[in-house]
Amino acid sequence: MSLLIVGTMAFDALETPFGKVDRIIGGSATYAAWAASYFTQPIKQVSIIGGDFPKEEIAALEARGVEFEGVDVIEDGKSFFWSGRYHMDMNTRDSLITDLNVLAQFDPKIPESYQDCDYVMLGNLVPAVQMKVLDQLKHKPKLVIMDTMNFWMDIAMDELKQVLTRVDLLMVNDSEARQLSGEYSLVKAAKKIQAMGPKFLIIKKGEHGALLFYGDKIFSSPALPLEEVFDPTGAGDTFAGGFIGYLSRTDDISFENMKAAVVIGSAMASFCVEKFGPIRMKELTPADLENRLGDFVTLMNVNIEIALAV
């Protein structure tokens, strides 16, 4: 099954307690495509880049089955640029520079060759842009997932809620779920968000794992305890790419299979944070994936014999 990914392709400048890099490839669609490519191909990419985006990075993604017909290249423009500094806890960060550059004129066009996609990922973008993508799809996909953030809740809540009525699954972190729902309890928050449209909801909790909601069903997946988190940039997008890539590969959107996809997504995110940017994602081997998934199985496996003192 082919997969459509819509999002940013960019440059990042990053500083963490473990190091610094002045210019590295980033963007939600970049991270998601790398992660998804280990499970499904082709991947139909929709984004916008400037003429400064490295040709070798495009070639590397194309070698992984990523198609670029839907990527608008503005030869005389500059790609989206973001600079950030992470604090010691790696959960908080300061945005230092945000240059939209060509992203300010992003007007996504879905090519005819992309219209067969049954799985669609809408990266964290202006809600109006996400809606424009959905309006261009000529047939209903089996699954549409979307990401969003607090910023759009602050300035475009009405438009965001309109998009939510048309997607099957929303991915947010715990603070975003609380802001969107107005509830502190994540269980209550999930019920309110599902009432807005998405049948499924994933609430990411960083180093504390992720929660999957469907009706009254809840699945909790741990994050793999790591000795060092080198760079958390793109971890959420990598999670999303691994998640939907696995669903596309298995073509099964049942709750049970989504539980497995959440673990897949968590495993891919655990690789992403080991090096700056998507560097680690480019060098994974089948053995790396098998061993890491084995770590998750070991982490989650438990046998309990109930012996009550009555």
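The values are calculated or read from the model by the stated rules, or taken from the named source; none is laboratory data. Quick caveat, the model's predicted, so the values are computed rather than measured. Here Cβ is always computed from backbone atoms with ideal geometry, including for glycine, and neighbour counts include all displayed protein chains.
Summary of values
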read-out	value
Members of the stretch 47-70 found to be closer than 30 Å to ASP94 by Cβ and either touching a Pro at 6+ places or on another chain (Cβ under 7 Å) or β-branched (Val, Ile, Thr) (or both), listed by number	ILE48, ILE49
Long-range neighbours under 8 Å by Cβ, at least six apart or interchain, first residue assigned to a loop (DSSP other than H, G, I, E, B) within the stretch 174-195, second surrounded by fewer than 22 Cβ atoms within 10 Å (Cβ to Cβ) and not aliphatic (A, V, I, L, M)	GLY182/LYS192; GLU183/LYS192; TYR184/ARG178
Restricting the stretch 198-224 to residues that are surrounded by fewer than 16 Cβ atoms within 10 Å (Cβ to Cβ), without any contact (Cβ under 8 Å) to a residue 60 or more places away in the chain and of a type outside the set (S, T, N, Q), the residue that is nearest to THR148 (Cα to Cα)	LYS199
Residue list for the stretch 90-118, filter: hydrophobic (A, V, I, L, M, F, W, C) and on the phi < 0 side of the Ramachandran plot	LEU96, ILE97, LEU100, VAL102, LEU103, ALA104, PHE106, ILE110, CYS117
Candidate set from the stretch 211-242 (those that are within 17 Å of the chain's Cα centre (by Cα), hydrophobic (A, V, I, L, M, F, W, C) and over 17 Å from LEU143 (Cβ atoms)); member that is modelled with the highest pLDDT	LEU211
Residue identified as in contact with an Asp or Glu (Cβ under 7 Å, 6 or more places away or on another chain), aromatic (Phe, Trp, Tyr) and surrounded by fewer than 23 Cβ atoms within 10 Å (Cβ to Cβ) among PHE230, PHE255	PHE230
Test: GLY245 is modelled with pLDDT under 95, within 24 Å of THR8 (Cβ to Cβ), under 17 Å from the mean Cα position of the chain (by Cα) and crowded, with 23+ Cβ neighbours inside 10 Å	no
Among (1) touching a helix residue (DSSP H, G or I) at 6+ places or on another chain (Cβ under 7 Å); (2) under 20 Å from ASP89 (Cα atoms); (3) buried (at least 20 other Cβ atoms within 10 Å of the Cβ) - the single one GLU274 does not satisfy	(3)
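For (1) basic (Lys, Arg); (2) assigned to a strand (DSSP E or B); (3) more than 23 Å from VAL229 (Cα to Cα); (4) in contact with a helix residue (DSSP H, G or I) (Cβ under 8 Å, 6 or more places away or on another chain), each residue gets a yes or a no:
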residue	(1), (2), (3), (4)
ASP22	no, yes, no, no
ASP52	no, no, yes, no
GLY70	no, yes, yes, yes
TRP82	no, yes, no, no
